[in-house]
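A.B. asks: Dropping a structure here in structure tokens format, bear with me for questions.
The values are calculated or read from the model by the stated rules, or taken from the named source; none is laboratory data. Keep in mind the model is a prediction, meaning the values are calculated, not measured. When we count neighbours, we look across all protein chains shown, and the Cβ atoms used for this are built from the backbone with ideal geometry, even at glycine.
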Amino acid sequence: MTDIVQAIDPATIPAVIEANMNAQFLSFARLPGAVLHDGPKSVWVDAGHPITYFNCVVHANFGPDEVDAEIEAVVGHFRRRGQSFVWHVGPTSRPADLDRFLLAHGLTHNEDEPGMAFELDRLREDAGVPPGLTIETVRDRPSLETWVDVWLFPVPKDAHPFFVDLLHQRGIGDDLPWRFYLGRLDGGPVAISQIYLAEGVAAVHYVVTMPEVRRRGLGAAMTMHVLREARAMGYRVAVLTASPDGIGIYRRIGFREYCWFRRYEWDKAS
């Protein structure tokens, strides 16, 4: 087991953030039929399902004379399997200009997000929970179905059971590195978050609030719940990657940027 990271070291925290995020994505290698490639040149998972999110490359360490061949080997695998995938470019990815090679091999840029970190002994004790909000830990399939409905609210409902099946197959339980949290406002499901414990830090994931109740402090409350849970388990540092919608919340809590992650997609139809 990795030792708990006691404090943020700006020189090393980018690699820690990346390793935690990678562990989250590689956890889908637990799915039936998944393929995990953990080699010296690249690390990736083919979850065995057509949903792009679950198929991803999380690390590359290519020399200048081999980068094209190595990228083509990865793309070739997913092409043969008929699977789209995401390529995550983090602070330890090599070469430094990997992005331009990915574009040349037919991948398209999706998004950039900062990697952020926060020391939990700085957590405010006066941050309350909005009136009417209750937060519960997801421990069964019906609650997971509700969690997915909030997560995927713009996605057609007929796709939701597929995501539920994958997350349920990966596992639910307090003995796993991840836990799902569901927020209910006056009894109705409105917000979610997740914790992921790896590499000695606790990561905040999937902070989502339904559009009709945004700007009421629910996202901040779901984030604070994860942070308090992490602190209660003995963790000292929390990490995350921030979307444009969430970065303001995280900065107000005290998170600071330390690195960047860039994401590229390869579409099987390309």
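Condition check ((1) within 16 Å of V239 (Cβ to Cβ); (2) assigned to a strand (DSSP E or B); (3) modelled with pLDDT under 95; (4) touching a Gly at 6+ places or on another chain (Cβ under 6 Å)) across all residues:
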site: A7; (1), (2), (3), (4): yes, no, no, no
site: A15; (1), (2), (3), (4): yes, no, no, no
site: E18; (1), (2), (3), (4): yes, no, no, yes
site: M21; (1), (2), (3), (4): yes, no, no, no
site: G33; (1), (2), (3), (4): no, no, yes, yes
site: H59; (1), (2), (3), (4): no, yes, no, no
site: D68; (1), (2), (3), (4): no, no, no, no
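A.B. asks: Condition first: of a type in the set (A, V, I, L, M), assigned to a loop (DSSP other than H, G, I, E, B), crowded, with 17+ Cβ neighbours inside 10 Å and modelled with pLDDT under 95. Can you find one or more residues in the range 39-57 that meet it?
C.D. replies: Yes: one or more hits.
A.B. asks: Mind checking which residues of the range 196-211 are modelled with pLDDT of 95 or more and more than 16 Å from V16 (Cα to Cα)?
C.D. replies: Y206, V207, V208, T209, M210
A.B. asks: Now, a different point. Which one is farthest from L152 (Cα to Cα) among residues in the range 195-225 that are of a type in the set (G, A, S) and out of contact with any Phe, Trp or Tyr (no Cβ under 6 Å at 6 or more places or on another chain)?
C.D. replies: G200
A.B. asks: Shifting gears a bit: Scan the range 11-46 for residues that are over 13 Å from the mean Cα position of the chain (by Cα) and within 20 Å of T241 (Cβ to Cβ) and report the count.
C.D. replies: Within the range 11-46, residues that are over 13 Å from the mean Cα position of the chain (by Cα) and within 20 Å of T241 (Cβ to Cβ) number 9.
A.B. asks: Out of V164, V190, V204, V208, which single residue is outside the structural domain of Y53 (by TED's automatic domain parsing), not in a strand (DSSP E or B) and not acidic (D, E)? If you could, list the steps in order and put the result at the bottom.
C.D. replies: Numbers: V190 fails: not in a strand (DSSP E or B); V204 fails: not in a strand (DSSP E or B); V208 fails: not in a strand (DSSP E or B).
Just a single option satisfies the conditions, and that option is V164.
A.B. asks: Here's another thing I want to ask about it. Can you give me the number of residues within the range 76-119 that are of a type outside the set (F, W, Y) and either in a helix (DSSP H, G or I) or within 19 Å of A15 (Cβ to Cβ) (or both)?
C.D. replies: Number of matching residues: 27.
A.B. asks: Given the criteria in contact with a strand residue (DSSP E or B) (Cβ under 9 Å, 6 or more places away or on another chain) and without any contact (Cβ under 8 Å) to a residue 60 or more places away in the chain, does S84 qualify? Before you say what the answer is, go through the steps one by one.
C.D. replies: Numbers: in contact with a strand residue (DSSP E or B) (Cβ under 9 Å, 6 or more places away or on another chain): yes; without any contact (Cβ under 8 Å) to a residue 60 or more places away in the chain: no.
No; evaluated as a whole, the condition is false for this residue.
A.B. asks: Restricting to the range 208-220, and then to whatever is surrounded by fewer than 22 Cβ atoms within 10 Å (Cβ to Cβ) and not β-branched (V, I, T), can you tell me which residue is farthest from I13 (Cα to Cα)?
C.D. replies: Of everything passing the filter in the range 208-220, E212 is farthest from I13 (Cα to Cα).
A.B. asks: Which residue pairs have Cβ atoms closer than 6 Å, lie 6 or more positions apart in sequence or on different chains, and pair a first residue in the range 124-136 that is farther than 20 Å from Q194 by Cα with a second residue that is among the acidic types (D, E)?
C.D. replies: Correct list of pairs: G132/D186.
A.B. asks: Does H205 count as surrounded by fewer than 23 Cβ atoms within 10 Å (Cβ to Cβ), touching a Leu at 6+ places or on another chain (Cβ under 9 Å) and of a type outside the set (V, I, T)?
C.D. replies: Working: surrounded by fewer than 23 Cβ atoms within 10 Å (Cβ to Cβ): yes; touching a Leu at 6+ places or on another chain (Cβ under 9 Å): yes; of a type outside the set (V, I, T): yes.
Yes; evaluated as a whole, the condition is true for this residue.
The rows are residues; the columns are (1) within 24 Å of M233 (Cβ to Cβ); (2) more than 18 Å from the chain's Cα centre (by Cα); (3) at pLDDT 95 or above.
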position: R139; (1), (2), (3): yes, yes, yes
position: S143; (1), (2), (3): yes, yes, yes
position: T146; (1), (2), (3): no, yes, yes
position: D149; (1), (2), (3): no, no, yes
position: L152; (1), (2), (3): no, no, yes
position: K157; (1), (2), (3): no, yes, no
position: L166; (1), (2), (3): no, no, no
position: P177; (1), (2), (3): yes, no, yes
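A.B. asks: Being assigned to a loop (DSSP other than H, G, I, E, B) and modelled with pLDDT under 95 is the filter; apply it to the range 243-260 and report the residue that is surrounded by the fewest Cβ atoms within 10 Å (Cβ to Cβ).
C.D. replies: P244
A.B. asks: For residues that are out of contact with any helix residue (DSSP H, G or I) (no Cβ under 6 Å at 6 or more places or on another chain) and surrounded by 13 or more Cβ atoms within 10 Å (Cβ to Cβ), tally how many sit in the range 117-129.
C.D. replies: Count: 2.
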